[in-house]
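Enquirer: I'd like to ask you about the structure that follows.
The values are calculated or read from the model by the stated rules, or taken from the named source; none is laboratory data. The shown structure was predicted, so the numbers you read here are calculated from the model rather than taken from an experiment. Please note: Cβ atoms are built from the backbone with ideal geometry, for glycine as well, and neighbour counts cover all protein chains shown. Note: areas computed on protein heavy atoms with side chains; ligands, DNA, RNA excluded. Shrake-Rupley method; radii C 1.70, N 1.55, O 1.52, S 1.80 Å.
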Number of protein chains: 2
Amino acid sequence: MSRIVTVAAAQLGPIQRAEGREGVIGRMLRLLERAHQRGAQVVVFPELALTTFFPRWYCEDLDEADAWFEPSLPSPATQPLFDAIKRFGVMVYLGYAELAWEPDEQGIVRKRRFNTSVVIAPNGEIVLKYRKVHLPGHAEFAEHRQVQHLEKRYFEVGNLGFPVVRAPVAPGVDANLGMLICNDRRWPEAWRVLGLQQVELVMLGYNTPSRNQDNRGFEAHHLRVLHSHLSIQAGCYQNATFAAAVAKAGTEDGHELLGHSIIVNPQGEIIAMAATWDDELIVADCDLDLCELGRNTVFNFAKHRRPEAYTRLVEQTGSVAPAVWTPSV
Amino acid sequence: MSRIVTVAAAQLGPIQRAEGREGVIGRMLRLLERAHQRGAQVVVFPELALTTFFPRWYCEDLDEADAWFEPSLPSPATQPLFDAIKRFGVMVYLGYAELAWEPDEQGIVRKRRFNTSVVIAPNGEIVLKYRKVHLPGHAEFAEHRQVQHLEKRYFEVGNLGFPVVRAPVAPGVDANLGMLICNDRRWPEAWRVLGLQQVELVMLGYNTPSRNQDNRGFEAHHLRVLHSHLSIQAGCYQNATFAAAVAKAGTEDGHELLGHSIIVNPQGEIIAMAATWDDELIVADCDLDLCELGRNTVFNFAKHRRPEAYTRLVEQTGSVAPAVWTPSV
């Protein structure tokens with residue numbers, strides 16, 4: 001028995017601030033065609049794949065930033081992508097900045113902004129939508145930073161949870177699909193919520209500055225790739241799932257984003273890795289039945305998890321100082 | 001500013017079933033002396049450090065297994081260890097099988113068994129006790145297994161949570177200390193509960209068969225070391241803590257346990273690693289101030305965690321099948 005799906009990670013090189021959608025869509029179409037030639041059935045693009053990583057640019061009035069957002073999907077600009085998805089008969093993960101008119105917590109319909117990803121079926125339908133939960137950075141202009149990271153300004157925290165859905169991905173093969181976006185991959189809570197829904201393929205895109213830009217203490221440049229890989233490999237192993245983790249990489253207007261997109265198996269092994277920090281396609285055959293070993297042995301959650309010992313995870317947001325011990329003699 | 005503590009991982013080679021406490025204690029004393037010579041202030045021994053890994057042996061009547069358990073600490077057999085701790089002025093993590101007479105959930109005092117670790121202060125006092133929460137394996141004899149793994153038979157699930165305590169570890173240096181035992185290290189929930197208490201040094205011992213012994217599907221031998229390291233490195237990075245992870249290694253009565261003990265920094269880097277699968281000491285200087293960068297930036301929990309999205313972690317033990325999506329056209 002095996003349930004093989006051929007997965008492609010379609011890494012994008014940099015998109016400069018002045019570039020429009022058309023050039024980017026053209027590059028994505030070429031990657032999709034290449035993916036089709038290599039037999040891919042699922043293609044994963046990066047987070048915010050249609051524009052530069054704009055949260056590095058401060059904007060006093062958010063409405064001025066609307067050009068970076070998609071008010072609908074497909075839109076005139078993204079229609080060629082949907083056409084190609086149908087033509088090639090592939091499933092696609094796409095990250096984009098979402099502009100939505102919908103009720104807020106008070107029930108008032110207003111303009112809302114999310115860092116969003118969707119899975120698009122080969123027939124062009126939206127299979128699943130996810131809105132990023134773990135927004136890094138800050139909401140106000142930060143004087144101490146050389147580069148801003150304003151995700152908390154541009155986006156609201158995702159309000160769709162971490163959904164998983166079972167959908168056809170290849171002839172005769174259904175897969176349990178989940179999504180994460182960028183910084184989510186560093187949070188084991190997010191991976192576990194997906195694992196508790198038997199996820200078999202986690203699709204995730206990222207835009208990751210290759211330095212910890214908070215300028216508090218030193219963090220060696222190369223560690224950023226280690227951290228990305230470590231989080232993804234551990235997430236896969238500990239939840240017995242495949243993942244395709246895909247970068248927008250390279251230097252955007254002088255600001256470097258790391259590449260090193262990877263496809264990882266349920267053993268936590270990297271089975272494909274991008275070698276450039278530019279547009280690049282990597283492909284791997286993923287036998288979803290390999291998720292069974294972990295799920296039925298070491299990570300049989302029903303047998304081994306102890307939620308009564310995990311209450312701090314939900315009862316507490318920040319950390320607290322521990323008790324102090326002093327010798328009695 | 002720096003808060004440096006010199007940490008030693010005191011890996012033990014195999015202990016055969018027929019071996020008594022005395023030989024083992026003698027080996028531990030030699031490692032302690034060597035640790036002292038190398039300037040160690042904290043020394044971490046393995047899980048169940050005083051005996052062979054007995055959960056591989058089936059016992060119909062648990063009382064017959066009492067010889068593997070410690071009814072008190074120190075005991076006549078372990079007194080020389082406590083004497084050496086005082087003589088060298090070091091702090092020690094010790095894993096052992098604990099026999100306790102104490103009330104159960106019904107309030108009835110009875111004989112209870114735990115897979116336990118303690119931190120022993122340089123003055124011989126017990127700083128902190130932990131009882132293993134994630135017991136792997138099974139409770140009854142399993143016909144399909146070539147080797148038994150009866151931790152769920154021999155031990156009750158730990159009932160002390162995942163405590164962290166701040167204690168002096170070096171002249172002028174206090175550290176936030178936490179413990180895990182063996183299989184706990186694969187569970188990010190456990191690391192996070194420690195992280196939410198600002199842990200700075202996780203001490204953990206293990207006895208890990210170098211094969212997934214459940215005999216369901218294939219898992220390459222070498223992956224077991226990858227899995228151990230991956231879990232520890234990710235746990236350290238994602239909680240901005242050091243860890244000393246220490247094996248009982250080598251071949252016990254024909255059954256192989258992996259070694260590869262490591263000391264890991266808050267960046268998730270391995271900064272010391274054992275090269276043998278026998279008695280071996282590795283030492284690293286750990287500057288606890290290095291925990292600050294992660295804790296104040298990427299893993300500033302108060303700023304970035306979203307517990308409202310994590311409710312499945314405690315409301316659900318096992319996994320559930322996801323919703324099914326089918327194309328509408």
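Enquirer: Could you please find all residues in segment B:16-42 being part of a loop (DSSP other than H, G, I, E, B) and either closer than 22 Å to residue B:91 by Cβ or among the hydrophobic types (A, V, I, L, M, F, W, C) (or both)?
Expert: The first filter runs over segment B:16-42 and keeps only residues part of a loop (DSSP other than H, G, I, E, B), leaving B:16-20, B:38-41.
Answer for segment B:16-42, where residues must be part of a loop (DSSP other than H, G, I, E, B) and either closer than 22 Å to residue B:91 by Cβ or among the hydrophobic types (A, V, I, L, M, F, W, C) (or both): B:18, B:38, B:39, B:40, B:41.
Enquirer: Quickly run through segment A:270-298 and pick out the residues that are touching a residue at least 60 places away in the same chain (Cβ under 8 Å), open to solvent by 60 Å² or more (accessible area, probe 1.4 Å) and not in a loop (DSSP other than H, G, I, E, B).
Expert: A:285
Enquirer: Assess whether residue A:162 counts as being more than 10 Å from chain B (Cβ to nearest Cβ) and surrounded by 18 or more Cβ atoms within 10 Å (Cβ to Cβ). Talk me through it step by step, then tell me what you get.
Expert: Values: more than 10 Å from chain B (Cβ to nearest Cβ): no; surrounded by 18 or more Cβ atoms within 10 Å (Cβ to Cβ): yes.
Answer is no for this residue.
Enquirer: Here's a follow-up. Looking only at segment B:184-213, count every residue that is at the interface with another protein chain (Cβ under 8 Å from one of its Cβ atoms), closer than 21 Å to residue B:115 by Cα and open to solvent by 10 Å² or more (accessible area, probe 1.4 Å) and tell me the total.
Expert: Residues meeting the conditions: 3.
Enquirer: Filtering segment B:299-322 down to residues that are of a type in the set (A, V, I, L, M, F, W, C) and in a helix (DSSP H, G or I), which residue is most open to solvent (accessible area, probe 1.4 Å)?
Expert: Applying the first criterion (of a type in the set (A, V, I, L, M, F, W, C)) to segment B:299-322 yields B:299, B:301-302, B:309, B:313-314, B:320-321.
Narrowing the set further to residues that are in a helix (DSSP H, G or I) leaves B:301-302, B:309, B:313-314.
Numbers: B:301: 14, B:302: 72, B:309: 22, B:313: 2, B:314: 42 Å².
Ranking the qualifying residues of segment B:299-322, first place goes to B:302.
Enquirer: Further question: What number of residues within segment B:45-92 are surrounded by fewer than 21 Cβ atoms within 10 Å (Cβ to Cβ), under 30 Å from residue B:254 (Cβ atoms) and charged (D, E, K, R)?
Expert: 6
Enquirer: Residue A:252: of a type in the set (D, E, K, R), under 22 Å from residue A:95 (Cα atoms) and in contact (Cβ under 8 Å) with a residue 60 or more places away in the chain, yes or no? Quick ask: steps written out before the conclusion?
Expert: Values: of a type in the set (D, E, K, R): yes; under 22 Å from residue A:95 (Cα atoms): yes; in contact (Cβ under 8 Å) with a residue 60 or more places away in the chain: yes.
So residue A:252 passes the test.
Enquirer: How many residues are touching a residue at least 24 places away in the same chain (Cβ under 8 Å) and within 7 Å of chain A (Cβ to nearest Cβ) if we restrict to segment B:299-308? Give the steps one after another, and end with the answer.
Expert: Residues of segment B:299-308 that are touching a residue at least 24 places away in the same chain (Cβ under 8 Å), as a first pass: B:299, B:301.
With within 7 Å of chain A (Cβ to nearest Cβ) added as a condition, the list becomes B:301.
Selection size over segment B:299-308: 1.
Enquirer: Assess whether residue B:226 counts as being in contact with an Asp or Glu (Cβ under 8 Å, 6 or more places away or on another chain) and either assigned to a strand (DSSP E or B) or open to solvent by less than 10 Å² (accessible area, probe 1.4 Å) (or both).
Expert: Numbers: in contact with an Asp or Glu (Cβ under 8 Å, 6 or more places away or on another chain): yes; either assigned to a strand (DSSP E or B) or open to solvent by less than 10 Å² (accessible area, probe 1.4 Å) (or both): no.
No: the conditions fail for residue B:226.
Enquirer: On to the next question. Of the residues A:311, A:326, A:317, which single one is under 26 Å from the mean Cα position of the chain (by Cα), hydroxyl-bearing (Ser, Thr, Tyr), within 13 Å of another protein chain (Cβ to nearest Cβ) and farther than 30 Å from residue A:174 by Cβ?
Expert: Values: A:311 fails: under 26 Å from the mean Cα position of the chain (by Cα); A:326 fails: under 26 Å from the mean Cα position of the chain (by Cα).
Within the list A:311, A:326, A:317, the selection yields A:317.
Enquirer: Is it the case, given these coordinates, that residue B:246 is touching a strand residue (DSSP E or B) at 6+ places or on another chain (Cβ under 7 Å), at pLDDT 95 or above and not in a helix (DSSP H, G or I)?
Expert: On the way: touching a strand residue (DSSP E or B) at 6+ places or on another chain (Cβ under 7 Å): yes; at pLDDT 95 or above: yes; not in a helix (DSSP H, G or I): yes.
Taking the combined requirement at face value, the residue satisfies it.
Enquirer: Can you pull out the residues in segment B:94-134 that are open to solvent by less than 20 Å² (accessible area, probe 1.4 Å), among the aliphatic types (A, V, I, L, M) and within 14 Å of another protein chain (Cβ to nearest Cβ)?
Expert: B:118, B:119, B:120, B:121, B:127, B:133
Enquirer: Report every pair of residues separated by at least 6 positions or lying on different chains whose Cβ atoms are under 8 Å apart, first residue within segment B:1-29 and without any contact (Cβ under 8 Å) to a residue 60 or more places away in the chain, second open to solvent by 30 Å² or more (accessible area, probe 1.4 Å).
Expert: B:21/B:77; B:22/B:77; B:25/B:77; B:25/B:80; B:29/B:80
Enquirer: List the number of the failed condition for residue B:270; all other conditions in (1) at the interface with chain A (Cβ under 8 Å from one of its Cβ atoms); (2) over 30 Å from residue A:311 (Cβ atoms) hold.
Expert: (1)
Enquirer: In segment A:1-34, what count of residues is obtained for those that are of a type in the set (A, V, I, L, M) and open to solvent by 30 Å² or more (accessible area, probe 1.4 Å)? Steps first, answer last, please.
Expert: Going residue by residue through segment A:1-34, those that are of a type in the set (A, V, I, L, M) are A:1, A:4-5, A:7-10, A:12, A:15, A:18, A:24-25, A:28-29, A:31-32.
Filter once more, keeping what is open to solvent by 30 Å² or more (accessible area, probe 1.4 Å): A:1, A:4, A:18, A:29.
Residues that pass the stated criteria total 4.
Enquirer: Looking at A:225, A:193, A:164 in this structure, which one is touching a strand residue (DSSP E or B) at 6+ places or on another chain (Cβ under 6 Å) and of a type in the set (A, V, I, L, M)? Show your work before the answer.
Expert: Numbers: A:225 fails: touching a strand residue (DSSP E or B) at 6+ places or on another chain (Cβ under 6 Å); A:193 fails: touching a strand residue (DSSP E or B) at 6+ places or on another chain (Cβ under 6 Å).
A:164 is the lone residue from the list that is touching a strand residue (DSSP E or B) at 6+ places or on another chain (Cβ under 6 Å) and of a type in the set (A, V, I, L, M).
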